[in-house]
Each structure stands twice: as C-alpha cells, then as structure tokens.
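Participant: Questions regarding the structure given below will be posed in turn.
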Amino acid sequence: MTLDKVKPGETVKVVKINNTGAIKRRIMDMGLTKGVEVYVRKVAPLGDPMELTVRGYELSVRKEDAAMIEVIQGGKN
Amino acid sequence: MSDIKIALAGNPNSGKTTLFNMLTGSKQYVGNWPGVTVEKKEGMLKGFDNVIIQDLPGIYSLSPYSLEEVITRNYLIDEQPDAILNIVDGTNIERNLYLTTQLIELGIPIVVAVNMMDIVRKTGDKINVENLSKALGCPVVETSALKGDGAMEAARRTVAVANSGENKNIPCHFEGSVEHAIAHIEESIQSIVPKHSVRWYAIKIFERDEKVLEKIKLSPEDNKHIEEHIVECEREMDDDAESIIIGQRYAYIAKLMEKTVKKSNKYADGTVSDKIDRVLTNRVLALPIFFAVMYVVYKISIGTVGDWSVGFMEGLFENIGEFVSGLMEGNVSPVLQGLIVDGAIGGVGSVLTFVPQMIILFLMLAFLEECGYMARVAFIMDRIFRRFGLSGKSFIPMLIGSGCSVPGIMASRTIENERDRRMTIMTTSFIPCGAKMPIVGLIASAVFGGSALIATSAYFLGVAAVIISGVILKKTKAFAGEPAEFVMELPSYHWPTVSGVLRSTWERGWSFIKRAGTIILLSSIAIWFLSSFGFGEEGFGLVEDMNESVLAKLGGSLKWIFTPLGFGNWEAVVATVMGLVAKEEVVNVFGVLSAVGEGAMDILEAGGAEAIEGLKPIGEQFFNGSGLSAYSFLIFNLFCAPCFAAIGAIRREMNNAKWTVGAIVYMTVLAWVSSFVFYNLGLVIRGGAFGINAIIAIVIVVIGAYLLFRPNPYKNEKISIKYGDQ
C-alpha cells in the first residue's frame, strides 16, 4: 500500500520510499524514514495535499509525493 | 582582539529570527546572499563590541539540494565561523536534532539552545538538558525566545566556546559497516581537508554528495577503493548510501530521545494548537474561514483603510506640490519649477503614496505568517495553484493585486520557493488593479454604451493571463527543474510577538522605499521630461501643448507598432506610455488630447448616460468608434508593463536585473500578441477580408496552444543550484 491511499485517522508504518535523488532526500530529511510511524491527520478541503503527524510534528505532503511512500498498516492508536 | 563570528543555525519555525532580533537589537545589517534572493542578516551581539552574529537561512538538513542548504553549508565550510549557535525547537525536538547532528560533524565549536521551553513546560514534557549535553558533547542551554529567557545566556556560552576553541563534539554513531566505510574514507582524505571537519567530509563522500566530490577531487584509486566500501554497505542494507545515513541518523536520535525526553500525555486529545487546527483546516469550514480571513485582509488593506491612506497621501503630495509651486512662482524658471513640482515631488509622491497601505498589509501578513496560518493557506490552496507553477500562497498576492499590484507583488515575499515566487511576481499584475479600472470604464462608456460586461471580461482576461502564463512559463528553461516537492511543515499555532510583527513590517516597508523608490523616481522624472519638453515656436523647451512634446513625436514614430492592433495613432501610444506613470493617467491623456478636455476623469466618475455621452468623442477620435480597436487597446493596457511603482516592486522582489527586464518584456509581448490575435481574428469574424494578419494570428494561436499543451521538456531535469559552485 502507498501512503496516499491511507485514510485520515489511520496510523501506518513506512516500509520504503520509491524514488531517488532530491525528492527522496527531502522526504527522508523531514523524518519519513523506514520504520517510522505516520498518523494521517486529514486531507485538505480540496482533496490534496494531506496532513501527517510524524515524529511529533505536522507535515503536509502532496498525494503524488505520498504515492512514492510504501507503508503497512500497524502502529498504535 | 579580533572579531568573533558566530553563526546562528536552525530549522525554519524554530524561533531563530526572534532570537536573532533579541541578541542583536537594532544593530543589524540586512542584505542578500550574493546573486540570490535569499536574505542575509548580520548583527552585532548586544553588550559585546567584537561579536558578529551571522543569521543563516532556516534549513532542515545540510543536503546539497536546496539553495538555502547550500548557502548554509558553504558558509560554514568556507568562512569557518568561530562557533555555531544552533536553535532547536523544544516542542519538536526529534526532527530539530536531525540538523544538530549534522552541524556537530562539522567540528566547529557549537552550543545548542533548546528554544520554546515555556511551551514545552506547559505541555508537561521534560527535556533532560544535562543528558543531552553529555550525549552531544557540547553545552545545551534552555531558552524561550518569546519570553526572552536564556537568550543572552546562550549567546555568552557560545562566545565562551568560540574563545576557548573548545570542541568536544560527539558526532552521531552509525552501524558497524557504515562506520567501517567512513573510517576508510577519513583515512584517504585526512591530508586534504581541515582536520576538525574530516568526519563531515567523510560522511558526505559516503553519501556521494556531488558538491563535496567536486571540491575534494579524489584520486581514481581512492575513489574506486571507497566506492567498493560504499557498495558493500548498500548491498548489506539494501538501500542507497544517502538513505542509509538518513535512516541511521534518525535511529540514533530516537535512542537519544529515550535518554533525554519524557513526553507527558497531558494533551492526549490534542494541544490547543491541534484544536485550533481542527477548526481552521476542517473539511467543511476551511474554505469559508479562509475566504473570511482573506476578505478581512482585503477589506482593510485595499478597501477602507487602504483607500483612505492612498487618497490621503495623494492629497498630501498635491498640496505640497501646490505650496512649493506658490513659493517658486515668478522666482525660478518654469523649467526648474516643473522639474521639482511635477517631476520630483510627483515622483516621490508616487513612491510614498503606497507606503501607508503597504504597512497595513505587511502588518497583517506578518501576523498571519507568525501565527502559523500562512502555512495553512498554502495547504488549502495548493491543489488549485500548483497546476500553474504557482504556490498556494500565490493567492494572497493575486487577491491584493486586484486592488493594487504594488503591495500584491510585495506580498509574494511570503513564498519560500524561488521559482514559485518569481512566477507569482511575473503574473500578479495581470489581475486588473484599481487604477486600471478607469481605463476599463473609459472604454466601456466611450465605445460600448457603458456595458458592465467589459469590466467582468477584464477580470476573466486577467485570470486567463495568469493561468496561461503559468502553464506556458513553467515549461520553459527559466523555470525548469524538478517540480518542487511539497513537503511542508505545518508549524504549531501561536501568538505572534508584537516586536516580531513590527520588525518584519518595517523591514519590508523600508526595502520598498529604498529599492523600488529609485526606479520609480527616475522613471517619473524621465516621463515628465518627455511629456513637457518639445520643439515649440521658440525652439526646444517647455511646451504648453502635449501635441508638441517629445513624447508626442515619439508616439508618432512608434505608432506603426500598434497599427496591426487597431489603434495606430500617436495619441493612443502617448496615453499608453503615460499609463506607466499611473494607469489612470490614460483617461486624462485621452481627455486632454480630445475634445473632452481636462475633466475626462470627472465625467467618467459621474457614470451613466453622462459618461457615455461625454466620453463618446474619445471613442470616435481614437478608435473610430470601433469596438474591436477599443477592446484591443484595453487588452494591451491590461497586460503590458505595469506602472513604474509596480515595476519598482518587481525589481525589489526579483532582486535581479535580468529577471526584472525579462518579466516586463514578457508582459509587454503577451499584451501585444493577445491584442493582435484578438483584433485580427475579430476583423475576420466580423466579415473582413482574410489577410496576412489573420494568418499570422492563427499561427500565433497554434504556437500558443502548442506551448500550452506540450509535455514539459525539462520535467526530469535536475535542479541546478548555481550558488557558490566551487
């Protein structure tokens, strides 16, 4: 499953980031690394981007970027 | 004793700016990093006479991919400050420490200031500063920039480590095989790089950081040897080297967090900020609230208060002009009087007219930025704007631009991404501003019997120009590069500080006066000269009649450019040029040059049948009563170079002569092409002959459609960061 498909209110775990170079680096620099828990808080009123909680802070990611992030169900909440 | 240089580094939203202001007071120097629009701030530390604090751009990492990060890296590596003061947001410590671990590797003496401690305490979280200090090997100080606690203490500690050169930094530790590879790299480079930064270079080489590899230039044997180690690690961990480092860095921080941070569950159902956010970005409420906020911003800055302040300033400068005229009458030559009253005072007036309005706008923008709502504006509007190469934050410049392009363009300052910002600057003035409305009204009354459709269509045209420009320009080389990924922090909401809001307002306002002012003043004087001098009966000198001015001659020699647009007469050219001083001038110029006379604006304002009757001569004389010609003129004047004040604002925000000229040329070319296509296709539709111009118009439409719909040829090109390439 990829992160863009996750529904608001669910918590998932990052497995892999399917990209290279600057975009991957930027996503990982913001704390979205392998094994980290991500809580999907909400989706913007127009359907994109989405708001995540990761490592204790709020991050907004476009769905097209979230589609690069492979996740599995799991985690607390 | 020589000067001590302290670099202030930290994440965006870590309170760095507030702290910087607190430490340096008013002794600041604001400029730009060479060649880029990224702001550079320097200041003297209060209470010391030899300590300079260099504020670095807010960044999340020392990667080689963003301009801000490269600026920071180059500064830290090449300028070698005596110490780093790293500001860490205590409420968001995990991600903030990610940068800290990278800064520590540089081997420069460092002090970590854990900021926002007042909020940390309020939430009941505990940060064990001693353990953190032990683990990182450097002093850690608790601060609260908002309350002013600990800031000076942090600065004093940083001066102390700078003086002693003490450096017991403990860099973060990676897993066995990675450390093994890094040790090998360190061995090969230790003779080429400064001793204290060996580890930073080694890790960067392990990450295959292009900028560092270019600088170091390893021998082919070393390179091969090192590459073997890296590949081995990558195979073992099934990931690329860069990701291995990032992953393990965060893993190290997670362990560090266990030892140093205790989270309370006091706000298990969300902090106050979470609750605010649930309302403000709620699926249903977000848009109504957003439009309400925008309405208030608009109403205050452009509506009531803004209108009043512009009117007041205009009146003020008119009075000053009359007063000075009165003093000079008969005492000095009319040339000097004209230069001073119409040229200089008028020019200064046109700079300062916007200042009160801009200050009001900047106050509100600073408030929205500091409290955290601006990031949500981008979040809410991103979906619409990103298709046109704009940012969600471009909404505000466009909205303000419908009142006045000058503050609109200045409002683009809130957009971080340089490409988005440039695109916004280039397109904001397509939205018809308040001063263009008299032109719209004139054309509607003089030719179209006062039809309200003309005004509506002007706004549609403006929005269409923004969209078409966005789509076409984003596929050009100048805007090429990977699409800026939208991974944006949504900072917690908090009350802004009064001093922070005021300071940001002051800095923006002043930079407009200083940098936009010169260009506005000079061009106002130039136009005054052209329009009031000419060859009259007594040779070259001041002329009473605009007919005899240099500008009229110039208009006559340039009218061929506008003949294919349907208004090839010198009066229309002069009106357009005078529109550069202020767009509403177009109405006055047409009045003076026709039978209507000086009261054209009053007639227009009277509206209704009076305006339609009164202004008819203008339509007859300059457009032969042709709707096509008149509307073509309107299109040209809506899109072409904006007034000098807006050009000054563009120059200020682009901070680059080439981009400024490029933007103006683009607008004017778009204006000409749009009018050309409209007029000539209009002629054909009305049953005219199908001539060469119609064919050219169709070709232009085809080329335009191609530019609009072609795939982006630069889509996969890498971002090239041209700053400080060694």
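Participant: Which condition breaks for residue B:147 when tested against (1) outside any helix (DSSP H, G or I); (2) within 21 Å of residue B:249 (Cβ to Cβ)?
Facilitator: Every condition holds for residue B:147 apart from (2).
Participant: Got a sec? Which of B:65, B:60 is within 17 Å of residue B:253 (Cβ to Cβ), in a loop (DSSP other than H, G, I, E, B), in contact (Cβ under 8 Å) with a residue 24 or more places away in the chain and in contact with a helix residue (DSSP H, G or I) (Cβ under 8 Å, 6 or more places away or on another chain)?
Facilitator: B:60
Participant: Of these, B:284, B:293, B:279, which one is modelled with pLDDT of 85 or more, assigned to a loop (DSSP other than H, G, I, E, B) and of a type in the set (Val, Ile, Thr)?
Facilitator: B:284
Quick grid of which residues meet (1) among the aromatic types (Phe, Trp, Tyr); (2) assigned to a helix (DSSP H, G or I); (3) within 14 Å of chain A (Cβ to nearest Cβ); (4) surrounded by fewer than 19 Cβ atoms within 10 Å (Cβ to Cβ):
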| position | (1), (2), (3), (4) |
| --- | --- |
| B:336 | no, yes, no, yes |
| B:339 | no, yes, no, yes |
| B:345 | no, yes, no, no |
| B:348 | no, yes, no, yes |
| B:362 | yes, yes, no, no |
| B:366 | no, yes, no, no |
| B:382 | no, yes, yes, no |
| B:398 | no, yes, no, no |
| B:408 | no, yes, no, no |
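Participant: Can you pull out every residue in the stretch B:368-380 that is away from chain A (no Cβ under 13 Å) and not in a helix (DSSP H, G or I)?
Facilitator: Passing the criteria: none in range.
Participant: Another question, then. Considering only residues that are among the polar types (S, T, N, Q) and over 30 Å from residue B:18 (Cβ atoms), which ones fall in the stretch B:152-196?
Facilitator: B:177, B:188, B:190, B:191
Participant: Does the stretch B:84-95 include one or more residues that are crowded, with 22+ Cβ neighbours inside 10 Å, away from chain A (no Cβ under 14 Å) and over 31 Å from the mean Cα position of the chain (by Cα)?
Facilitator: No.
Participant: Checking the condition over 23 Å from residue A:31 (Cβ atoms) and surrounded by 15 or more Cβ atoms within 10 Å (Cβ to Cβ), which residue from B:243, B:301, B:273 passes?
Facilitator: Within the list B:243, B:301, B:273, the selection yields B:301.
Participant: Continuing with this model, one more query. Return only the number of the condition from (1) surrounded by fewer than 17 Cβ atoms within 10 Å (Cβ to Cβ); (2) in contact (Cβ under 8 Å) with a residue 40 or more places away in the chain that residue B:220 does not satisfy.
Facilitator: Among (1) surrounded by fewer than 17 Cβ atoms within 10 Å (Cβ to Cβ); (2) in contact (Cβ under 8 Å) with a residue 40 or more places away in the chain, the lone unmet condition for residue B:220 is (2).
Participant: Any chance the stretch B:122-141 includes a residue that's assigned to a helix (DSSP H, G or I) and more than 18 Å from residue B:257 (Cα to Cα)?
Facilitator: Yes - at least one qualifying residue is present in the stretch B:122-141.
Participant: Which of the residues belonging to the stretch B:122-143 are under 19 Å from residue B:497 (Cα atoms) and modelled with pLDDT under 90?
Facilitator: B:122
Participant: Return yes or no: is residue B:236 more than 12 Å from every other protein chain (Cβ to nearest Cβ), within 24 Å of residue A:22 (Cα to Cα) and more than 41 Å from the chain's Cα centre (by Cα)?
Facilitator: When the stated conditions are applied, residue B:236 passes them.
Participant: Look at residue B:558 and say whether it is hydrophobic (A, V, I, L, M, F, W, C) and modelled with pLDDT of 90 or more.
Facilitator: yes
Participant: Could you tell me whether residue B:479 is at pLDDT below 85, under 20 Å from residue B:12 (Cβ atoms) and not hydroxyl-bearing (Ser, Thr, Tyr)?
Facilitator: no
Participant: Pick from the stretch A:55-77 the residues that are under 9 Å from the mean Cα position of the chain (by Cα) and at the interface with another protein chain (Cβ under 9 Å from one of its Cβ atoms): which of them is modelled with the lowest pLDDT?
Facilitator: A:65
Participant: Please go through the stretch B:384-396 and give me each residue that is in a helix (DSSP H, G or I), within 13 Å of chain A (Cβ to nearest Cβ) and buried (at least 24 other Cβ atoms within 10 Å of the Cβ), ordered by number.
Facilitator: B:392, B:393
Participant: So residue B:418 clears everything in (1) within 22 Å of residue B:38 (Cβ to Cβ); (2) crowded, with 21+ Cβ neighbours inside 10 Å; (3) touching a residue at least 60 places away in the same chain (Cβ under 8 Å) except one condition, right? Which one?
Facilitator: Every listed condition holds for residue B:418 apart from (2).
Participant: Tell me, which residue of the stretch A:21-51 that is within 19 Å of residue B:270 (Cβ to Cβ), in contact (Cβ under 8 Å) with a residue 24 or more places away in the chain and aliphatic (A, V, I, L, M) is nearest to the other protein chains (Cβ to nearest Cβ)?
Facilitator: The extreme case among them is A:43.
Participant: Assess whether residue B:40 counts as being in contact (Cβ under 8 Å) with a residue 24 or more places away in the chain, over 30 Å from residue B:248 (Cβ atoms), basic (Lys, Arg) and more than 14 Å from every other protein chain (Cβ to nearest Cβ).
Facilitator: Details: in contact (Cβ under 8 Å) with a residue 24 or more places away in the chain: no; over 30 Å from residue B:248 (Cβ atoms): yes; basic (Lys, Arg): yes; more than 14 Å from every other protein chain (Cβ to nearest Cβ): yes.
Taking the combined requirement at face value, the residue does not satisfy it.
Participant: Just to be sure before I move on: is residue A:6 more than 24 Å from residue B:93 (Cα to Cα) and more than 9 Å from chain B (Cβ to nearest Cβ) in the structure I sent?
Facilitator: Taking the combined requirement at face value, the residue satisfies it.
The values are calculated or read from the model by the stated rules, or taken from the named source; none is laboratory data. Because the structure is a prediction, the values reported are computed rather than measured. Counting neighbours? That spans all protein chains shown, and the Cβs are built from the backbone with ideal geometry, glycine included.
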